[in-house]
1. Given the options V124, V81, V134, name the one that is crowded, with 17+ Cβ neighbours inside 10 Å, in contact with a helix residue (DSSP H, G or I) (Cβ under 7 Å, 6 or more places away or on another chain), over 18 Å from D233 (Cβ atoms) and not basic (K, R).
2. Would you mention how many residues in the stretch 350-361 are of a type in the set (A, V, I, L, M, F, W, C) and assigned to a loop (DSSP other than H, G, I, E, B)?
3. Hey, among Y342, Y334, Y313, which residue is in a strand (DSSP E or B) and either within 25 Å of A286 (Cβ to Cβ) or touching a Lys or Arg at 6+ places or on another chain (Cβ under 8 Å) (or both)?
4. Pick from the stretch 246-294 the residues that are assigned to a helix (DSSP H, G or I) and not basic (K, R): which of them is farthest from E103 (Cα to Cα)?
5. Where the second residue is of a type in the set (G, A, S) and in a helix (DSSP H, G or I) and the first is within 10 Å of Y109 (Cβ to Cβ) and lies in the stretch 155-167, which pairs have Cβ atoms under 7 Å and are six or more apart or on separate chains?
6. Would you be able to say whether some residue in the stretch 247-265 is over 30 Å from R338 (Cα atoms) and crowded, with 21+ Cβ neighbours inside 10 Å?
7. Would you pick out the residues in the stretch 153-174 that are closer than 20 Å to V336 by Cα, among the hydrophobic types (A, V, I, L, M, F, W, C) and part of a helix (DSSP H, G or I)?
8. Give me a count of the residues in the stretch 144-163 that are farther than 21 Å from G382 by Cα and either under 24 Å from the mean Cα position of the chain (by Cα) or crowded, with 19+ Cβ neighbours inside 10 Å (or both).
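The values are calculated or read from the model by the stated rules, or taken from the named source; none is laboratory data. This one's a predicted model, so the numbers in the text were calculated from it and none came from an experiment. Counting neighbours? That spans all protein chains shown, and the Cβs are built from the backbone with ideal geometry, glycine included.
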Amino acid sequence: MIQKYHLQRVAYVLLATAALASCKSKHPTSVQPGKKSTATGIAYNQKDGFQVKKFAGQKAGPNLVFIEGGRFTMGALEEDVMNTRDNRERTVSIQSFYMDETEIANVHYLEYLNAISRDSSEEVVRAALPDTTVWANPLSFNDSYVTQYLRYPAFRYYPVVGVSWVQASDYARWRTDAVNNELAKGGGDKKKKGGGFSLKRKSKKEAAEPALAEATSAAPTKPSLESGMILPDYRLPTEAEWEYAAKALIGTQYMDENQINQRIYPWDGSSVRNPKKGRKQGQMLANFKRGRGDYAGIAGRSNDGAIITAEIYAYPANDFGLYNMAGNVNEWVYDVYRPLSYEDVNDLNPIRRNGYLDDAKNYDKKGNNSLIDDKLRVYKGGSWNDVAYWLSPGTRRFLDQDSATAMIGFRCAMIGVGRNK
């Protein structure tokens, strides 16, 4: 009797599966476009015809985490102690995208320096070198950080610092080619055979003389975007993307479009300590400066865990799986700084670009009445040298795009193509 009952249940499941399969849409999709055009009826992939390559969907590039897009309230939730009023609350929507789960570490940047030192000019290599003197201070004995932080093996997985916005953007462009070159070769799979393409970085002279650059590179060209063999570009995240990813409000939802609470930090609550019971209860959820002269607590109870930076996986990830979206190092974002961006940027995928609206000429930098021009870039997140106020994702500061400090690093982002969730 029991066996008969189980057989009936299996039959019902099979019938239901068959019914669902019959109801499945037969319309073409981006991943399954069919064998011929639905507009002309002409078959794809004929000799000398329109080529529609096989495509299994966008892959997540190395170190990237998928961030499902949506609506959120962007802006500062903390008291505006600086009285800047430059990030007032407003509702915006962000398209799904990918973001590095960690900050770029010293070992990642050294990999970059090694690669360009082998095939690029001295000018390119010199321009890419981090400024290790950002650690130097005549009133602090930071000499060991100046000489060792970037290259000593113990610091491999500490976030790279001393990198300007321009250098971070250059790294993202190189990384795009490096990752896609590996994909073109088959990702190290010996069963797949493929040729890479040139990763040579152009110097300013070569960029000005394209014929010279072409003459010095005989490697195969990069596969076309239409081939589906390569990933979209790595880049710095926009300010809106960074703030959305840091808040990770996906962890506060309980039904429909309702959310339980807002977030001051990348975690719940108004405290910077771990509220969960257990061995880690009361420990800091990020490393930051707790007060004048207090960078980590006392020996034996150093619950911050780091006097300066910490390894990129040192603290719990937020609900999107991103590490150190508060503390450790501040992070460069794409946007040019303007104090009134919140008033005039779009409410869909907002960004502030230079040379559009609110011109630099409106600010009196020449007369020393303003610092604002088109080279100021936003950075966010708080660092090991900042008080807890700056750990809130809604806070924002700015620095010249060619400047670097021991408190600013970066991570990359990438568009999520053809995928919303």
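1. Of V124, V81, V134, the one residue that is crowded, with 17+ Cβ neighbours inside 10 Å, in contact with a helix residue (DSSP H, G or I) (Cβ under 7 Å, 6 or more places away or on another chain), over 18 Å from D233 (Cβ atoms) and not basic (K, R) is V124.
2. 2
3. Y334
4. Filtering first and then ranking leaves T252.
5. Filtered contacts from the stretch 155-167: Q167/A128.
6. no
7. W165, V166, A168, A172
8. 2
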